[in-house]
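The values are calculated or read from the model by the stated rules, or taken from the named source; none is laboratory data. Here the structure is a predicted model, which means the values were calculated and not measured. A quick note on method: Cβ atoms are made from the backbone with ideal geometry, for glycine too, and the neighbour counts reach across all protein chains shown. The accessibility values were calculated without ligands, DNA or RNA, using every heavy atom of the protein model including side chains. Shrake-Rupley method; radii C 1.70, N 1.55, O 1.52, S 1.80 Å.
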Amino acid sequence: MSDEVQKMRWYVVQAFSGYEGRVQKTLIEHIKLNEMEEYFGEILVPTEEVVEMRAGQKRKSERKFFPGYVLVQMAMNDASWHLVKNTDRVMGFIGGTKERPAPISPKEVENILNRLQESVDSPRPRTLFEAGQIVRVVDGPFSDFSGTVEEVDYDKSRLKVSVSIFGRATPVDLEFSQVEKD
């Protein structure tokens, strides 16, 4: 190990949108090719598993929660900086100056890694709802009615929606799959 090796920190690298996975793979290959493993740790494209209803069936898929960004754990020096900077489809580092990128704080890293773990433990619904939002009912006896979201229960994937029936606001308990954002 040389004197240049320092503590590894996490940096945010901006990639062309839609190419985050390719940038991750290319970085890993270039690190091996240049025998620079000692300067790099993990390279992550933060994604979370989401559940959506399609044609009446629950489907799991992945969604990037920082589209256009790749997290790189690395010891910053001229050689490691150039390797990342010169990777195809990398636009640069986020934070700090152009020549001296700043790492993200340990707290931010912890939040991201916790979110990754939570996603593995319990997938999130693809569409997020919040109280006060207007939704349209697309399935069930109240189909084609619009209403206001009163409560959201992500654990059970259910909503309480206030629907106007004959001029009266009536609370209706619905599944996420039965409504869509208006």
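Computed from backbone phi with θ = phi - 60° and the Karplus coefficients 6.51, -1.76 and 1.60, the 3J(HN,Hα) list for region 106-112 is x, 5, 4, 4, 4, 4, 5 Hz; x is used for glycine and proline. Under 23 Å of direct C-alpha separation, and excluding same-chain neighbours fewer than eight residues apart, K160 reaches these lysines: K58, K181.
The phi torsions of region 60-74, fed into the Karplus equation with coefficients 6.51, -1.76 and 1.60 and a -60° offset, translate into couplings of 9, 8, 9, 10, 6, 9, 9, x, x, 10, 10, 9, 10, 8, 7 Hz, rounded to whole numbers, with Gly and Pro shown as x. Note on region 70-182: the C-alpha convex hull projects to 10.6 nm² when averaged across all orientations.
Distances longer than 11 Å among the Cα atoms of region 70-119: what percent of all pairs is that? If you can, show how the numbers build up before the last one.
Numbers: 906 of 1225 pairs.
Taking all Cα-Cα pairs of region 70-119, the fraction more than 11 Å apart is 74 percent.
Tally up the carbon and sulfur contribution to the accessible surface of the chain as a whole percent, 1.4 Å probe, everything protein left in place. Heavy-atom surface of the chain belonging to carbon and sulfur, 1.4 Å probe: 47 percent. Rounded to the nearest 0.05, the FRET efficiency derived from the C-beta distance between F16 and D182 at R0 = 25 Å is 0.15. For region 128-182, the orientation-averaged shadow of the C-alpha convex hull comes to 3.3 nm² (one quarter of the hull surface). Here the extension length gained between K58 and D173 equals 39.5 nm, from 0.36 nm per residue of separation less the Cα-Cα distance.
Counting helices only, and only those DSSP H runs with n ≥ 4, report the 222 nm mean residue ellipticity of the chain as the sum of -39,500 (n - 2.57) divided by its residues, in deg cm²/dmol to the nearest 500. Please list the in-between numbers first.
Details: 3 runs with 38 residues, N = 182.
The helix-only estimate for the chain comes to -6500 deg cm²/dmol at 222 nm.
Label-to-label distance, N77 versus V109, with points set 7 angstrom from Cα along the beta-carbon direction: 1.8 nm.
With every protein chain left in place, what is the accessible area per residue of the chain in square angstrom, probe 1.4 Å? List each step's numbers first, then the result.
Working: 11300 Å² over 182 residues.
For the chain, the per-residue accessible area is 62 Å².
Here the Karplus curve 6.51 cos²θ - 1.76 cosθ + 1.60, taken at θ = phi - 60°, turns the phi angles of region 157-171 into couplings of 6, 10, 10, 10, 10, 8, 10, 8, 10, 6, x, 10, 6, 10, x Hz, with x standing for Gly and Pro. Partner aspartates and glutamates whose Cα lies under 14 Å from the Cα of K32, excluding those fewer than 8 positions away in the same chain, are identified as E42.
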